[in-house]
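A quick write-up on the structure given underneath.
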Amino acid sequence: MLFLCNFKLKKTKALKMRTVGAFALSLFLLFLVKWANSDSKVSPIRDQFLSCMSTHSVSTFMNSKSLIHEPDSRLYTDLSQTVSQNYRFSSLNFSSQKPILIATPRTESEIQRSLLCSKKLDVQVRTKSGGHDYEGLSYLSSQSPFIVLDLINLRSIDINLREETAWVGAGATIGELYYKIAKASKIHGFPAGTCPSVGVGGHFSGGGFGAMMRKHGLAADNVVDARFVDANGRIYNGRREMGEDLFWAIRGGGAASFGVVTFWKVKLVRVPEKVTCFTRYLPFTQNMTKIVHRWQSIAATLGDNLFIRVIIYNSGGSVQATFQANYLGGIDKLIPLMNEKFPELGLRFQDCSEMSWVDSIMYFNWKSGQPLETLLDREQRYNDLYFKAKSDFVKNPIPETGLEGIWKRFHEVESPMMIMEPLGGRMYEIGETETPFPHRRGNLYNIQYMVKWRVKDIEEMEKHVRWMRFLYGYMRVYVSGSPRGAYLNYRDLDLGMNKAINCSFEDASLWGMRYFGSNFKRLAMVKGKIDPTNFFRNEQSVPPLIV
Ligand SMILES: Cc1cc2nc3c(=O)[nH]c(=O)nc-3n(C[C@H](O)[C@H](O)[C@H](O)COP(=O)(O)OP(=O)(O)OC[C@H]3O[C@@H](n4cnc5c(N)ncnc54)[C@H](O)[C@@H]3O)c2cc1C
């Protein structure tokens with residue numbers, strides 16, 4: 001998603017420094033003081049935890065300072081800065097809680113040991129892969145004490161071209177996977193998200209939209225095996241050992257509710273040597289509304305080699321639409337196809353560029369021409385420090401008057417954005433119960449709404465979050481209903497939160513049905529089997545249903 005990866009907002013680093021500036025610094029200091037003050041209460045548990053880890057030493061893990069990070073360490077400080085930057089989280093009362101330590105295991109036995117000690121001492125665990133969770137659930141918790149299991153050291157990628165598969169460590173990013181594939185083959189790729197710094201741990205376990213989903217489905221649809229550790233520290237050596245129910249659940253149902261995925265085995269897909277991309281900017285005119293309106297009816301019906309998404313944003317006070325496309329083939333085929341199916345867009349030869357599949361990833365990130373190694377950059381490039389997002393699925397085209405109502409609201413705040421991504425193709429061929437992700441046939445496209453702001457100020461935050469909720473309210477009549485759909489990877493705690501350890505299935509259904517539809521019950525039953533005591537829990541984890 002270009003809006004976060006690298007969207008071209010006209011803002012320099014210097015401007016960013018000025019806007020956040022002194023206010024951010026004073027808040028950050030206050031924040032550190034708050035954390036430091038609460039530290040004395042948790043240090044006995046931390047000591048017990050460290051002692052538990054060392055008595056059951058399975059490797060050098062427990063002795064190595066570089067693998068367990070206490071509050072005085074560099075990694076820990078980096079995490080506290082991330083938390084402090086995501087100022088919005090303080091409204092959830094998360095920021096007063098800090099992990100008692102961060103573990104960066106290199107092996108499954110080190111994960112196993114961390115889980116066993118956590119369970120023994122009743123310490124919660126947050127598993128972190130790429131750290132992109134929209135509500136910070138991989139490193140924040142409203143329950144204390146907790147540790148963060150950061151999988152940054154578990155990111156080996158083994159490509160098997162003969163089998164056309166890859167085993168990927170759950171701490172790798174999709175950029176690292178794309179890079180490795182591209183180095184190994186010109187005719188293989190993988191259908192996952194567009195932003196390289198997203199981690200495969202969260203992304204695959206929540207679904208995984210990307211520019212090849214109309215051809216090959218979600219990232220999760222292309223996972224063929226996995227390795228996993230449960231709350232009792234049992235290591236599952238693949239799909240056969242974990243059983244089909246659990247394997248089903250972790251491919252779209254959010255693995256954090258069930259345990260820790262350590263490795264995914266994915267099926268690589270064939271890509272043509274030539275891929276064509278185009279970007280067409282439309283300024284705000286009556287025509288823009290008509291073309292977006294038309295796009296709604298045709299985007300999901302085009303041949304599955306063609307993915308055209310629309311990004312609506314406010315550029316200097318004027319609403320604009322950008323059509324960004326990826327076509328698995330050459331320009332010679334794309335132009336006639338567009339002339340036949342979508343002439344309204346007026347696509348011209350000079351708007352298009354042919355490139356390799358991996359360069360199309362760079363193109364979607366506005367990084368064309370840069371070294372491929374930028375795909376390995378794990379750092380999130382937040383052009384704006386704060387944001388709130390929500391999602392919807394659309395089953396019937398929104399009328400032009402409805403679209404105009406959205407454009408009107410886009411004038412009310414700074415940096416609103418809406419990304420519309422078409423389904424259809426392979427997304428329709430997969431049944432709604434085949435994986436936990438139910439939003440298949442019958443849905444034309446997904447919307448991701450996002451609003452960003454730059455000033456670290458509680459009123460600014462409230463203003464933007466309130467605006468987002470108003471827009472969401474306005475959209476209700478135009479989007480899916482009963483229940484209104486949402487996408488887990490665009491996590492939204494507004495949909496509901498588990499209030500207690502033993503949150504009931506009925507209460508959790510409020511938000512669970514939105515993400516998973518009728519699959520939510522099966523997810524809760526899988527949870528009831530694999531983790532009946534609800535050890536792996538968070539503000540939006542699936543509760544155990546024991547029948
Ligand atoms: C800049 C940006 C771009 C994005 N682009 C896309 C996109 O193109 N398409 C799309 O579909 N989504 C996209 N997303 C959303 C993204 O897919 C989700 O936020 C995803 O969950 C992130 O995974 P992560 O591993 O980076 O995050 P994390 O924050 O590390 O994890 C997210 C969740 O998964 C859990 N988890 C992580 N690893 C494991 C594991 N090994 N075992 C069990 N649980 C685990 C965490 O505990 C947490 O609950 C984007 C998000 C951002 C911030």
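With all protein chains present and a 1.4 Å probe, how do Thr322, Thr533 order by accessible area, largest first?
Largest accessible area first, the list is Thr533, Thr322.
Shape call for the stretch 506-547 from the C-alpha gyration tensor, a ≥ b ≥ c root eigenvalues: rounded (a/c under 1.5), prolate (a/b greater than b/c) or oblate?
Since a/c reaches 1.5 but b/c is at least a/b, the shape of the stretch 506-547 is classed as oblate.
Relative contact order (percent) for the chain, with alpha-carbon contacts under 8 angstrom and 6 or more residues of separation?
15
Hey, can you grab everything whose amide H is under 5 Å from the amide H of Ser315? Only 5+ residues off in sequence or another chain; H modelled, so Pro and N-termini drop out.
Gln320
As a test of reading the structure, rank Leu268, Leu116 by solvent-accessible area (1.4 Å probe, protein chains only), most first.
Details: Leu268 10, Leu116 55 Å².
I get Leu116, Leu268, largest accessible area first.
In terms of modelled amide H atoms, which long-range or inter-chain residues lie less than 5 Å from the amide H of Asp225?
Placed amide hydrogens put Lys265 under 5 Å from Asp225.
Using 1/(1 + (r/R0)^6) with R0 = 22 angstrom and r between the beta carbons of Tyr281 and Glu344, what's the FRET efficiency to the nearest 0.05?
About 0.90, to the nearest 0.05.
For a quick check of understanding: with a 1.4 angstrom probe and all protein chains in place, what accessible area in square angstrom does Tyr281 have, to the nearest ten?
Approximately 120 Å² for this residue.
Which pairs in the list Lys388/Lys456; Lys388/Lys463; Lys186/Lys274; Lys333/Lys395; Lys215/Lys267 are over 19 Å apart, alpha-carbon to alpha-carbon?
Beyond 19 Å between Cα atoms: Lys333/Lys395.
Please work out the C-alpha center-to-center distance from the stretch 213-241 to the stretch 329-395 and express it in whole Å.
28
Once you sort the root eigenvalues of the Cα gyration tensor of the stretch 325-454 as a ≥ b ≥ c, which label holds: rounded (a/c under 1.5), prolate (a/b larger than b/c) or oblate (the other case)?
rounded
Quick one: accessible area per residue over the chain, 1.4 Å probe, rounded to a whole number of Å²?
39
Counting alpha carbon pairs within less than 8 Å and at least 6 residues apart, what relative contact order, in whole percent, applies to the stretch 271-384?
36
Rounded to the nearest 10 Å², what accessible area does Glu462 show when all protein chains are kept and the probe is 1.4 Å?
Spelled out: Glu462, probe radius 1.4 Å, area about 90 Å².
What list of ³J(HN,Hα) couplings, whole Hz, do you get for the stretch 533-541 from phi and the Karplus terms 6.51, -1.76, 1.60, once you set θ to phi - 60° and write x for glycine and proline?
After applying 6.51 cos²θ - 1.76 cosθ + 1.60, I find 8, 6, 5, 7, 9, 8, 5, 9, 8 Hz.
Please work out the Cα center distance from the stretch 457-515 to the stretch 264-287, rounded to the nearest Å.
Computed from Cα coordinates, the inter-centre distance equals 29 Å.
Just the number, please: carbon plus sulfur as a percent of the accessible area of the chain, 1.4 Å probe, no ligands or DNA/RNA counted.
On the way: 11120 of 21210 Å².
It is 52 percent, rounded to a whole number.
Could you work out how far apart the two model spin labels at Ser43 and Val224 are, taking each label as a point 7 Å from the Cα in the direction of the beta carbon, and quote it in nm?
It is 5.3 nm.
As a test of the formula, what do you get for the chain when each DSSP H run with n ≥ 4 contributes -39,500 (n - 2.57) and the sum is divided by the residue count, at 222 nm and rounded to the nearest 500 deg cm²/dmol?
Working: 17 runs with 192 residues, N = 547.
For the chain, the value works out to -10500 deg cm²/dmol.
Using DSSP H assignments, which helices in the chain have an axial alpha-carbon span of 20 Å or above and a mean Kyte-Doolittle hydropathy of 0.0 or higher?
Working: long enough: 13-55 (51 Å, 0.48); 458-475 (26 Å, -0.53).
Within the chain the helices that satisfy the rule are 13-55.
Rounded, prolate or oblate: pick one for the stretch 372-523, where a ≥ b ≥ c are the square roots of the eigenvalues of its C-alpha gyration tensor, a/c under 1.5 means rounded, and failing that, prolate if a/b is larger than b/c, else oblate. It would help to have the intermediate numbers written out before the result.
Details: a/c = 1.35, a/b = 1.26, b/c = 1.07.
Verdict is rounded for the stretch 372-523.
Which of the GluC sites (Glu not before Pro) across the stretch 261-345 are loop residues per DSSP, with 16 or fewer other Cβ within 10 Å?
The qualifying sites are Glu273.
Ignoring ligands and nucleic acids, what accessible area does Cys277 show with a 1.4 Å probe (Å², nearest 10)?
Accessible area of Cys277: about 0 Å².
If you take the beta carbon distance between Leu493 and Asp457 as r and set R0 to 25 Å, what does 1/(1 + (r/R0)^6) give as a FRET efficiency, to the nearest 0.05?
Calculated value: 0.75.
Take Arg239, Arg537, Arg469, Arg126 and sort them by solvent-accessible surface of the protein heavy atoms, 1.4 Å probe, largest at the top. It would help to have the intermediate numbers written out before the result.
Details: Arg239 75, Arg537 35, Arg469 125, Arg126 5 Å².
Descending accessible area places them as Arg469, Arg239, Arg537, Arg126.
Please list, in order along the stretch 141-158, the HN-Hα scalar couplings obtained from phi with the Karplus expression 6.51 cos²θ - 1.76 cosθ + 1.60 (θ = phi - 60°), rounded to whole Hz, x for Gly and Pro.
Here the 3J(HN,Hα) series is 8, 8, 10, 10, x, 8, 10, 9, 9, 8, 8, 4, 8, 10, 9, 5, 10, 10 Hz.
Given Cα pairs under 8 Å that are at least 6 residues apart, what percent is the relative contact order of the stretch 354-441?
Worked out over the stretch 354-441, it gives 14 percent.
The values are calculated or read from the model by the stated rules, or taken from the named source; none is laboratory data. What you see is a predicted model, and the numbers here were worked out from it, not measured in a lab. Positions of Cβ are backbone-derived with ideal geometry, glycine not excepted, and every protein chain shown enters the neighbour counts. We work out accessible area using only protein heavy atoms, side chains counted, and drop any ligands, DNA or RNA first. Shrake-Rupley method; radii C 1.70, N 1.55, O 1.52, S 1.80 Å.
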